[in-house]
Structures are given as structure tokens and as C-alpha cells.
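Colleague: Once you've had a glance at the structure underneath, I'll fire off some questions.
The values are calculated or read from the model by the stated rules, or taken from the named source; none is laboratory data. Values in this document were obtained by computation on a predicted structure and should not be read as measured data. Reconstructed Cβ throughout: ideal geometry from the backbone, glycine too, with neighbour counts over all protein chains shown. These accessible areas exclude ligands, DNA and RNA; they are computed on the full protein's heavy atoms, side chains included. Shrake-Rupley method; radii C 1.70, N 1.55, O 1.52, S 1.80 Å.
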Amino acid sequence: MISDEMKDLFDHISEGVTLVKNGKIVYINKQLTKILGYSLEELMENSIFLFASTKELESLEDISEETEKNSTPLKTLEYWVIGKDGTRKYIRNQYHDIVKEGERVGQIIYTQDITEEKQKETLILASEFKKSRFLDFLSEHVIFHDINLNILWANKAATDSLNLSADKIVGRNCYKLWHDRKSPCDICPVLVAKETGKESSAEVTTPDGRIWFIRGFPVYGDDGILIGMAELTREITERKKAEIELMENEERYRHIFHGVVDAIFIHKIDEDGNFGNFIEVNDLACQWTGYSREELMRKTSRDISRRAPIEIEKNISEELMSSGESSFEMSLISKDNKLIPVEMHSTLFHLRGEKAVLSIARDITERKKAEEELQDNEEKFRQIFHKTNDAIFLTKLEEDENTSQFIDVNDVACEWLGYTREELLKLSSTDITAQMSISQHLGILRNILRKETHSYDSVVLTKDGKERLAEMESHVFYLKGEKVILTFARDITDRTEAEEELQESEDKFRQIFHNAQDAIFINKIENGTKLGDFIEINNTACQWVGYSRGELLGLTSYEEEDRTIEHFFSFNLGEEVLSSGKQTFETVITSRTKKQIPVEVRSHLFDLAGEQVILSIASDITDRKKAEEIIKESEEKYRTLIETSSNAIILLNLEGKLQFVNKLSATMFGYRPQKICLV
């Protein structure tokens with residue numbers, strides 16, 4: 001893959017550019033179509049060799065076979081090609097290997113139309129470098145050396161590059177003038193041409209940092225004796241910078257692509273919305289599914305997912321084609337038939353002129369387990385809440401600390417009083433209490449608020465007007481930030497005891513953010529233990545900390561006295577990340593507005609452009625932290641209610657085995673709670 005910025009850069013240079021990976025052409029710039037006269041599609045399907053003239057095609061194929069046989073990389077190749085309009089052009093291809101971990105994984109091929117140059121060279125060599133004003137119009141440096149590497153003549157481009165006149169450089173050496181050396185360069189192509197009698201070329205960097213492509217030619221007299229060497233030099237600094245930037249960006253995006261905590265699939269899609277084979281996947285996609293990258297390249301999304309009803313698949317496809325994106329839940333099927341529940345977000349985009357789909361899958365196995373556990377717990381507490389022998393009322397306190405209508409009641413309360421649940425939720429505690437004055441009611445309420453736990457007796461009125469004596473126990477606590485009163489009412493008219501455990505299901509347990517995006521930071525490493533300057537940061541990270549990308553780049557992520565950006569994200573690199581190259585931990589990000597964002601960070605160590613950097617992927621775990629706190633409060637609340645109950649509470653499973661007893665039950669039977677549960 002190649003970024004849009006790199007495509008734009010390559011489209012504005014004067015040379016044709018071809019990017020080859022795994023033996024296939026993956027990118028061609030616009031200039032190559034202008035040079036050869038063929039369309040982008042025609043060039044993507046054929047090797048440039050196929051456009052060579054008939055006389056040279058066989059020779060080129062022999063060169064290619066010889067190169068592969070001897071495992072010698074091809075550097076430069078010149079030959080005649082036939083343009084689409086029949087015009088003959090002489091081109092030069094320069095081949096640059098893309099190497100990863102010591103292995104060649106691709107090539108960048110730069111193509112120049114040197115038809116005019118070839119004609120100029122022929123003229124130069126034929127006239128034995130007579131001083132022609134024509135050479136002064138060339139942008140390339142043209143220099144004629146004697147056999148001792150003394151300059152005999154140079155064109156205007158060469159002299160202008162030194163800000164010297166021609167007579168000031170004649171008789172001097174190029175390695176002294178341009179390279180500030182006392183002897184020829186180690187890879188001097190002019191010297192090689194002299195020694196071998198053949199054309200030679202090399203890329204050379206001068207002390208000022210500029211990069212030059214230099215070609216040397218032996219020049220012979222009419223008698224066949226070497227009379228000197230010709231040098232043609234062209235500056236390629238910008239082209240090399242573009243090439244280096246391309247490689248650095250590709251390496252950076254490759255680490256991000258393979259370092260994220262989600263599986264990524266890229267696959268084709270036709271105009272009817274039918275998915276084709278995968279054309280790229282990241283390492284995590286292979287790890288989850290158990291397939292190698294090569295195996296996945298031969299499959300479609302249907303091959304690795306549980307089939308959904310046709311109507312659902314059709315809706316997903318239509319949404320993707322109409323709006324450009326779609327989010328849904330599905331299950332992946334691994335090679336060993338293991339189901340992996342995922343949350344999938346798919347985006348439609350264009351790749352090399354064709355429609356493709358980028359699908360990002362997030363493993364929601366743990367979330368699904370948590371949801372099932374919450375549902376089980378909620379169901380368990382709901383059963384306890386409704387099956388206990390005591391009537392339970394939950395009442396909200398108003399700002400003036402008077403009770404309002406009930407906000408929840410259990411089934412026993414409804415059966416006991418003869419009301420439906422809907423009817424009771426329209427009433428308050430005073431509506432079901434018999435013969436109680438306002439002063440008595442306020443006195444009981446004051447005791448409840450003062451003690452937070454208060455027991456008292458009261459006479460309760462049923463719907464049909466009957467009075468029943470009840471033993472009441474009220475507790476004050478906070479539910480979602482609001483003060484409420486939980487009241488247990490036991491009918492003591494017949495002095496029956498409760499035999500089932502009391503519990504209240506949690507109301508509106510927690511919210512889960514399904515589509516939260518991760519914040520990604522790439523930092524330098526300072527002193528081997530601290531995060532250094534930001535060298536890349538994504539939009540989500542900027543939104544979280546409240547700074548623009550421009551403010552963050554070049555600033556360290558830890559606080560120093562001379563920094564203007566306040567401390568917001570800091571951790572020391574531990575032995576784990578320095579030895580294994582990765583580390584997972586939790587921390588807190590502080591935004592510009594002092595907002596605290598708890599996150600889980602997965603850090604990966606890697607080399608970027610010869611420098612060790614760290615990729616940190618931060619997932620917002622605010623909801624998880626809140627959920628943990630809510631669960632803890634909920635468990636503590638219900639445990640307190642059960643343990644402080646004046647009744648012996650026993651929980652049995654369907655097989656009649658004890659699952660739980662409170663302290664009062666253990667005391668009644670003379671056991672510790674743990675020992676009773678073993679009976």
C-alpha cells in the first residue's frame with residue numbers, strides 16, 4: 001500500500017515510477033503513462049519489457065534470465081521501446097530493491113525518456129568533446145577528463161554548480177572540487193570506466209548532502225587508444241528523499257497496521273455489492289483465524305464467518321454501497337472451527353481504481369461473557385428480589401427530604417397489598433400506611449435519614465382496606481447519585497419468616513460504548529526509559545488530550561519545566577517492553593481541560609528509520625472502570641442487605657444444595673457460613 005501523499009509526490013516528478021511487490025505491479029505514476037503513451041490499466045497488466053522494440057526484446061529476456069540465474073540485482077537497463085502511437089523512444093530503467101529483514105520484497109523502478117539524451121551522447125562522443133555551445137544548454141553536468149582524471153572541459157551546468165568559470169576548473173580534479181577529497185571516490189564511475197573500458201554508473205553524495213547519479217564513459221581516439229573519460233552527472237536528491245520517505249512511511253504504517261488490537265481485512269467488492277477475495281490482512285487476522293496470510297488471500301469473508309440470514313447480508317451490503325460504511329456484529333470461524341464474536345466496522349474506498357472494503361473486527365468475546373454474566377446476575381437478583389418472603393419498597397427522596405412515589409416494588413409487595421405493580425408505582429409510603437399522622441411519618445423519616453438504618457413497626461393498608469401489622473426495616477443509600485430509601489416489610493400478622501434470599505436487581509446496570517476508537521501515539525525513546533518526542537499521533541488522541549496535532553508533534557509526553565504543554569500522559573518503560581518489545585498496562589490520560597481518561601495501553605517497540613521508537617495504543621477503559629465500581633457497589637449493597645437482615649436467608653440450587661447462607665443462618669445452625677455451604 002502507498003499513501004496518497006506519496007502518490008501525489010511521485011505524480012509530480014519528471015520520471016516514471018513503478019512499484020513492484022511480490023512480483024506484481026502495485027503502483028504506476030502518471031509520468032510513466034506520458035512517457036510510453038499507454039493507459040494506466042495497460043501498464044498495470046504488462047511488463048515494460050513487452051513494449052520494447054522487436055530487435056531488443058529477445059536480448060532483454062536473456063538479460064533478465066541471466067540476472068535471476070546469477071542472483072545479481074539489476075541496477076540500470078537502457079533500451080528502445082515502441083510507444084502506443086508507434087514512436088520509438090530510448091528509455092533508462094533504474095532498479096532499487098526494497099529490502100525487509102534482509103530479504104528483497106519489492107522494487108522501485110524509475111524510468112526516464114532519454115531519447116534526446118542518447119542523441120546528445122552520440123553527438124558528444126562522435127565529436128570527441130569539441131566545445132559545443134549546445135552542451136551548455138543541458139541541465140546535466142558534462143565533463144571531459146584526461147586519463148589522469150584532470151578536467152579538460154566542462155559545460156555551463158557543471159561550472160555553475162561551483163559558481164566558477166570554466167577556466168577556473170580546467171586542470172583540476174572533480175573529487176577535489178565537488179567532494180573535497182584528496183583522492184578519487186571509492187565508487188567513482190569515471191575511474192571504473194577507465195579501468196574496465198565500459199560504461200559505469202553510481203550514486204554519490206557530496207559533502208553538502210546532495211545526491212548525484214554519475215555515469216562514466218571511456219572515450220577512444222581514431223586509433224582505438226583511450227584518450228579520456230566523459231562524465232554525465234544529474235542531481236537526484238529530491239527523488240532519493242521521496243524514495244526514503246516512501247520507505248519510512250510504509251514501515252510506519254506497516255507497524256500500525258499490524259500493531260493495532262483489531263483484526264483488519266481488505267477485500268474486493270463488485271458493483272452489485274458481492275464480496276470478493278481478501279487482498280490484504282494484518283497479523284492479528286491471521287492469528288485469530290489460524291490461517292496463514294497466503295491461505296487467507298484465497299478466501300472471502302463468507303469462508304471465515306458464520307453465515308447470517310440472506311436478508312441481513314443483503315442489508316449490510318446495501319448500507320455499505322449506499323453510505324460507504326456499515327457496523328454490525330458477527331462471528332468469525334477459525335481454522336479449527338472456533339467461533340470468535342466480533343464487532344465489525346466496514347468502510348468502502350477505492351484502491352487502484354477499483355472498489356474495495358476495509359473491515360476492522362474487534363474481539364468482543366470478553367464483553368459477551370460479561371454481558372451474559374450480568375444478565376445471569378441480574379436474573380439471580382431479580383429472582384431473589386421477587387421471591388423473598390418480605391415485601392420490598394424502593395422510594396426516592398425529594399430535595400426537601402420528603403418521600404415521593406415508589407420507584408420499584410417486588411412481587412410480594414403487590415400480592416400482599418393486592419395492587420398491580422403499575423398501581424403501586426403511582427402511590428407513596430403514606431398512601432399504604434394506616435392511621436398515621438403527618439408528625440409520626442416525619443419522625444420516622446427523620447430517624448431513617450439520621451441513622452441510615454432504622455427498624456419500626458407500622459400498620460399497612462391493603463387495596464381492599466384491610467389492616468396488616470408489618471415489621472419495617474429501612475435503609476438509606478445512593479442509587480446513581482440520588483438518595484433513596486429501601487424498605488423491607490414483613491407481615492407479622494401471622495409471624496411468618498422469610499425463607500428465600502432478598503436481593504434487588506440493579507436498575508439500568510451500565511452503558512457500554514461499542515464503537516470507541518483507540519488513541520495511537522508514536523514516540524521517540526529518551527535515556528532508554530522514558531517516552532520522548534511525539535513523531536506521530538492520531539486524531540482520537542488529539543481529541544482526548546485537547547491539543548492539535550501541530551502542538552503535540554515535537555513535544556515530549558512527560559512534563560518538564562521548559563515545556564508549555566502540561567503533563568497528560570507518562571510512564572516509564574519497564575523491563576518487559578525493553579526485553580520482549582511489547583507491554584500492556586493501565587494508566588490515566590489527562591486532557592487540556594484536566595479531564596481524566598483511564599486507558600489500557602498496549603506498547604510495541606520497533607525501529608523506525610534506524611531509530612528505536614515505541615508505538616502506544618490506548619483504549620479508553622472509562623466505562624470498564626465505571627462498571628467495576630458499580631458492580632462493587634452493587635455487590636456491597638446487596639451483601640449488606642442480606643447480612644444485616646433480621647431473617648435467616650438460605651439460597652438453594654435446583655438440586656437442593658446450599659449456595660449461600662447469611663450470618664444469622666449460620667448462627668442458628670451453629671456453623672460458620674463456609675462450613676454450611678459444604679454440607
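Colleague: Express in Å², to the nearest 10, the accessible area of THR487 obtained by rolling a 1.4 Å probe over the protein heavy atoms while all chains stay in place.
Modeller: That residue has around 10 Å² of solvent-accessible surface.
Colleague: Also, I was wondering about something else. Taking the full set of protein chains and a 1.4 angstrom probe, give the accessible area of LYS198 in square angstrom, rounded to the nearest 10.
Modeller: Its accessible surface works out to 140 Å², give or take rounding.
Colleague: Another question about this same structure. Is the stretch 143-199 rounded, prolate or oblate when judged by the Cα gyration tensor, a ≥ b ≥ c being the square roots of its eigenvalues, rounded requiring a/c under 1.5 and prolate requiring a/b larger than b/c?
Modeller: Prolate, because a/c is 1.5 or more and a/b exceeds b/c.
Colleague: By how many nm would the segment from HIS12 to ASP97 lengthen if fully extended, with 0.36 nm per residue of separation less the alpha-carbon distance?
Modeller: 28.4 nm
Colleague: On to the next question. Using a 1.4 angstrom probe on heavy atoms only, work out the carbon and sulfur share of the accessible area of the stretch 256-301 in %.
Modeller: Accessible surface attributable to carbon and sulfur in the stretch 256-301 totals 45 percent.
Colleague: Under 5 Å between amide H atoms, partner at least 5 residues away or on a different chain: which partners does GLY276 have, H built in plane at 1.01 Å?
Modeller: LYS268, ILE269, ASP270
Colleague: Same structure, new question: Under a straight-distance cross-link criterion of Cα-Cα below 21 Å, which lysines are reachable from LYS582, leaving out those fewer than 8 residues away in the same chain?
Modeller: LYS100, LYS524, LYS530
Colleague: Here's a follow-up. What are the residues whose amide H is under 5 Å from the amide H of THR76, where those residues sit 5 or more places off or on another chain and H is modelled from the backbone?
Modeller: Residues meeting the amide H criterion: TYR95.
Colleague: Let me ask you something else. Please identify every one of the chymotrypsin sites (Phe, Trp or Tyr not before Pro) in the stretch 448-489 that sits in a loop by DSSP and has no more than 16 other beta carbons within 10 Å of its own beta carbon.
Modeller: Details: sites: TYR456, PHE477, TYR478, PHE488; in loops: none.
Counting only loop positions with at most 16 other Cβ atoms within 10 Å, none of the chymotrypsin sites (Phe, Trp or Tyr not before Pro) in the stretch 448-489 qualifies.
Colleague: Leaving ligands, DNA and RNA out of it, rank ASP431, ASP167 by accessible area with a 1.4 Å probe, largest first. Let's see the in-between values first.
Modeller: Details: ASP431 80, ASP167 115 Å².
Descending order: ASP167, ASP431.
Colleague: Using the Karplus curve 6.51 cos²θ - 1.76 cosθ + 1.60 with θ = phi - 60°, what ³J(HN,Hα) values do you get for each residue of the stretch 207-216, in whole Hz, with x for Gly and Pro?
Modeller: 3J(HN,Hα) across the stretch 207-216, in whole Hz: x, 7, x, 7, 10, 10, 9, 10, 10, x.
Colleague: Return the distance in nm (one decimal) between the two label points of a simple spin-label model at ARG210 and ASN527, each offset 7 Å from Cα along Cα→Cβ.
Modeller: Result for the modelled spin labels: 4.3 nm.
Colleague: Could you sort LEU486, LEU425 by their accessible area in this structure, using a 1.4 Å probe and putting the largest first?
Modeller: LEU425, LEU486
Colleague: Shifting gears a bit: Amide H neighbours of ILE525 under 5 Å, counting only residues 5+ apart in sequence or on other chains, H built in-plane at 1.01 Å?
Modeller: GLY532
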